[in-house]
Amino acid sequence: MAQEKPGFFKRLWGELIGEEPKPTPAEPIPAPPEALPEALDPAPEPVAPTPVPAAPELPEAEPDELLPGPPETTPAYVEELEERAEAATAAHLAEGVPDAAPVIPAPATAEPVRLGWFQRLSTGLKRSSDQLTTSITGVFTKRRLDAATLDELEDVLIAADLGIDTATAITDTLRRDRFNREVTGDDVRAVLAGEVEKVLAPVALPLHIDTSHKPFVVLMIGVNGSGKTTTIGKLAQKWTSEGRSVLLAAGDTFRAAAIEQLQIWGERTGSPVVSRPAGSDASGLAFDAVTQARAEGRDVLIIDTAGRLQNRDELMNELEKIIRVIKKVDPTAPHATLLTLDATTGQNALKQAEIFGTRAGVTGIVMTKLDGTARGGILVAIARRFGLPVHFIGVGEGVDDLEPFAAADFARAIAGRE
Ligand SMILES: Nc1nc2c(ncn2[C@@H]2O[C@H](COP(=O)(O)OP(=O)(O)OP(=O)(O)O)[C@@H](O)[C@H]2O)c(=O)[nH]1
Ligand SMILES: [Mg+2]
C-alpha cells in the first residue's frame, strides 16, 4: 500500500502537520436563499420567486472578496463570513449578477495512479499531524515529564482543536503512567493516537441504507461551501456503482449555478436530477422529488440544499419547512440527514453541529476537506461533544475522494504514526 498513490492518510496527515496550507479551490460564498413563504400546506405548489426588494447600495463584491477567508474560529471570522454572505446577496439582488460558474473538478479518472486509502488519508492529514508532532517533539526533546511539560503539551493539543476534554485525557494518562520519567515524542504520539481512537471508535459508523425504504431519502445540509453538492456527487457515484438506482434533487433552488452543478454530477454518475427553475420553492421541489422517486421505485434519493449559516434563523426555518414537507410524502423520511462540516472551519464547526443538530435532526456527519487543513483535530472535539455518527470523510475534490470513516486510521494519521 505504501507504494500506491500517496493517499488519504498522507494527505490528511500532511494537512495536520505544518506545511503551508495549499489554497483550497473555493467558490464564492453563494448568496443565501431568501426565506420563502410557507406556501405548501397542505399540498406543495410551485412558488414564485421571492420578489426582489430594493437593495441597499453596496459596492459590487469582487469574486476574491467572496472567497472564504482563512480558517479562523473567532467570532470576528464568523461575523466576516456573515457580512460577506449578506454583501453577496445584496450585490446579487441589486445587480442581477449572474451566478458564477460552478467549480466542477475534473473527473478523478484522469488520475493515472490511484493511491491507497491509508496513504491518501495520511497525506491529507499531514498538515494537522505535522503541526501536532512538531510541537510535541519541541516539548519533549530530552525532557523528563514534569508538570510544566504536561501544561505545555496540553496547550499544544488544545491549539490543535482536539478539545479540552481530549487534551486533558491525554495529559492525565501521561501523568499517571510516565510522571518524572523521560518521555519521547514517540511515546506521546502513541498515547495521542490511542486516546483519539478511543473517542472516535464509537462514532465511526457506516451509513446503512435501509432497503425497506424506497426511496431511502438522504437530505444534505450545511453552511455555505461546506461540500454538500460535491459530497452528493461522490455518494451518487458510490451508490450507483453498488447497483443502486439513485435520484438527485437540486434543492438549492436559489442559484442557477447550483442547479447546474448538481446536473453535472448527475451526468457524471448516471443519476437523473429533479430540478426546478432558480427561485422556486425548495420545499416544493423536495416534495416533488420524493413523490417521483417513490413512483419510479428508486433505491435512494439525495436532496441537495442551499448553504445556510446556522445563525440565520429564517434560513433554518426554511430547512425545517423542507423537512416537514418531505414528511408529508413519507412520514419516516428523511432517513438520513447528513451535515457536511468543512474541516478547515475549526471551532465554528462545533456550533454548526449543535444548531443544525437541534433544528434539523442531523443523523450523521460527513467531514470534508481533510486534505487541506491543519485543523483535522476538530473532528475529535465534535465526536466527544455530540457523539453523532461520522459516516464519511472527504479528502479531495474528485469523485472518489470520499472514504468511510475509520477511527484507527484517522487516529494514526493525526498522531503521525505511519
Ligand atoms: N479539497 C477538497 N475540496 C472539497 C472537498 N469537498 C468539497 N470541496 C470543494 O469545496 C468547494 C465547495 O464545494 P460544494 O460541494 O460546492 O459545497 P456546497 O456545500 O454545496 O456549497 P454551497 O452550495 O455553495 O453551499 C468546491 O470547490 C469543492 O470542489 C474535499 O473533501 N476536499
Ligand atoms: Mg451546493
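Of the numbered criteria (1) within 13 Å of the chain's Cα centre (by Cα); (2) modelled with pLDDT of 95 or more, the one residue 336 fails is (1).
Within segment 369-401, the set of residues being under 24 Å from residue 266 (Cβ atoms) and touching a Leu at 6+ places or on another chain (Cβ under 7 Å) comprises 391, 392, 393, 394, 395.
Residues are listed down the side, and each one gets a yes or a no for (1) over 21 Å from the mean Cα position of the chain (by Cα); (2) within 13 Å of ligand 2 (Cβ to nearest atom); (3) closer than 11 Å to residue 302 by Cα:
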position	(1), (2), (3)
225	no, yes, no
256	yes, yes, no
269	no, no, no
276	yes, no, no
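Of all the criteria given as (1) within 12 Å of ligand 1 (Cβ to nearest atom); (2) at pLDDT 95 or above; (3) touching an Asp or Glu at 6+ places or on another chain (Cβ under 8 Å), the one not satisfied by residue 309 is (2). Each residue in segment 226-244 was checked for being among the basic types (Lys, Arg), more than 6 Å from ligand 1 (Cβ to nearest atom) and buried (at least 22 other Cβ atoms within 10 Å of the Cβ), and 1 of them qualify. Whether a residue is more than 25 Å from residue 240 (Cβ to Cβ), modelled with pLDDT under 95 and of a type in the set (A, V, I, L, M) was assessed, and residue 353 does not pass this test. Go through segment 263-287 and give me each residue that's within 14 Å of ligand 1 (Cβ to nearest atom) and within 11 Å of residue 305 (Cα to Cα). Residue satisfying the conditions is 282 alone.
Among the residues of segment 232-269, what is the count of those that are hydrophobic (A, V, I, L, M, F, W, C), assigned to a loop (DSSP other than H, G, I, E, B) and modelled with pLDDT of 95 or more? Counting residues in segment 232-269 that are hydrophobic (A, V, I, L, M, F, W, C), assigned to a loop (DSSP other than H, G, I, E, B) and modelled with pLDDT of 95 or more gives 1.
Remark: residue 330 falls outside the filter, which requires a residue to be buried (at least 24 other Cβ atoms within 10 Å of the Cβ) and of a type in the set (Asp, Glu).
The values are calculated or read from the model by the stated rules, or taken from the named source; none is laboratory data. Being a predicted model, the structure only gives us computed values, none of them experimental. Using ideal geometry, Cβ is built from the backbone for each residue, glycine included, and neighbour counts are taken over all protein chains shown.
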